[in-house]
């Protein structure tokens with residue numbers, strides 16, 4: 001019953017390609033009585049292609065013998081160059097040669113005349129179901145290919161990004177080992193701080209790689225728990241209060257709301273806050289301010305992160321959350337271009353929303369809304 005209801009919806013559009021007008025009209029009347037919408041009746045290959053481009057039918061009923069020089073089989077070959085619409089042959093020919101030629105077009109059905117409308121109806125039902133299954137499989141394969149390409153590219157870029165902090169660590173360790181006596185206490189402390197910073201960069205890269213690779217489906221796992229989000233977000237923001245960051249810009253945190261405990265995924269929230277605040281600092285001008293504001297309501301939190309830095313060109317905003325995208329004006333500022341992709345996926349895992357406003361040389365503002373998990 002469920003299949004029948006799907007196939008006989010009025011929105012199921014059928015194109016009839018038939019050179020015998022009487023038979024075509026009779027078939028049209030029969031299918032209309034069954035609940036189908038007949039978009040058009042045509043009798044040639046060219047008219048069939050033109051009708052498909054105009055009408056976008058859900059299924060094509062194709063006679064093999066048509067008006068003009070092209071048969072229905074040749075018409076099907078041409079149609080398949082422009083669309084994947086399912087084609088069912090309705091024909092008086094059942095000889096092996098014709099059948100072999102028809103099979104070369106991978107039809108969704110092959111019915112011989114005289115037609116019985118119950119058989120036509122069932123063929124359409126089966127064709128639509130098969131088509132839907134094929135589309136689902138095709139989308140799944142495409143998603144798998146995209147995910148494979150994403151991970152391969154991520155691995156290549158991460159290997160490149162690892163080289164810089166690893167080189168820094170090797171150089172500074174060599175320096176400390178071979179020139180320890182010549183170095184002042186302040187120089188040794190500075191070198192050790194640089195090593196710690198390089199290790200932090202490596203850990204950040206590892207976390208991004210691990211996070212993206214954690215799911216073969218491309219969807220990040222969602223494990224909500226009750227969290228004091230204001231206190232937690234403030235701790236994350238405080239972790240950026242390093243000497244280098246303080247020297248570059250001030251970070252102002254403001255937490256509002258009496259409902260501070262919400263059910264969120266703590267790890268995903270970590271990625272959201274850490275990536276957005278890190279970007280705000282990286283792309284701020286020296287001496288600027290990064291404002292982090294969190295408003296905690298009964299059933300959701302609203303996070304706003306605003307910088308007054310280089311901003312983003314308008315043409316990047318529509319594709320901002322695609323992986324590896326970096327604006328032309330970032331210069332030599334390091335990064336994989338994965339941070340905002342991770343943020344978007346983390347927000348969507350919460351069924352939340354993210355919005356961005358940006359202007360070149362003025363700054364960027366991100367607004368994240370995360371509903372508390374039920």
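Here, each number is a calculation from the coordinates, and none is a lab measurement. Since the model is a prediction, treat every value here as computed from it, not as a measurement. When we count neighbours, we look across all protein chains shown, and the Cβ atoms used for this are built from the backbone with ideal geometry, even at glycine.
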| task | Mind giving me the FRET efficiency for residue 100 and residue 11? R0 is 25 Å, r the Cβ-Cβ distance, nearest 0.05 is fine. | result | 0.10
| Based on the mean of other beta carbon atoms within 10 Å per residue, what is the order of 367-374, 68-75, 110-117, most packed first? | 68-75, 367-374, 110-117
| request: Tally the DSSP beta bridges in the chain and give the antiparallel ones as a percent, rounded to 5. | output: 50 percent
| Pairing the Cα long axis of helix 45-55 with the longest principal axis of the chain, what angle in degrees results, from 0 to 90 and rounded to the nearest 10? | 50 degrees
| query | What relative contact order, as a whole-number percentage, does the chain give when Cα pairs under 8 Å and 6 or more residues apart are counted? | reply | 11 percent
| said: Could you tell me how many cubic angstrom of Cα convex hull volume the range 100-142 has per residue? | reply: 57 Å³
| P(r) of the range 5-85 in 10 Å steps, Cα pairs, percent per bin? | 20, 52, 26, 2
| Once the Cα atoms of helix 339-349 and of the chain are each reduced to a long axis, what angle between those two axes, in degrees from 0 to 90 to the nearest 10, is obtained? | 60 degrees
| said: Could you order the peptides 270-281, 83-94 from most to least packed, using the average number of other C-beta atoms within 10 Å per residue? | reply: 270-281, 83-94
| remark: In the range 225-371 the DSSP beta bridges are antiparallel at a rate, in percent to nearest 5, of 75 percent
| Isotropically averaged projected area of the range 1-139, using the convex hull of Cα atoms (one quarter of hull area), nm² | 8.1 nm²
| Of 285, 131, how do they rank once you tally other Cβ atoms within 10 Å and put the fewest first? | 285, 131
| query | Considering every pair of different Cα atoms, what Kirkwood radius, in Å, is found for the chain? | reply | 25.8 Å
| If we count other beta carbons within 10 Å of each Cβ, what is the order of 122, 312, 62, fewest first? | 122, 312, 62
| Between 0 and 90°, nearest 10: helix 266-282 axis offset from the chain longest Cα axis | 70 degrees
| said: Based only on other Cβ atoms within 10 Å, what is the fewest-to-most ordering of 292, 168? | reply: 168, 292
| task | Over the residues of the range 225-371, compute the C-alpha Rg and express it relative to 2.2 N^0.38 Å. | result | 1.00
| Binning every alpha carbon pair distance of the range 86-202 at 10 Å from zero, what are the percents per bin? | 11, 21, 14, 10, 9, 9, 9, 9, 6, 2, 0
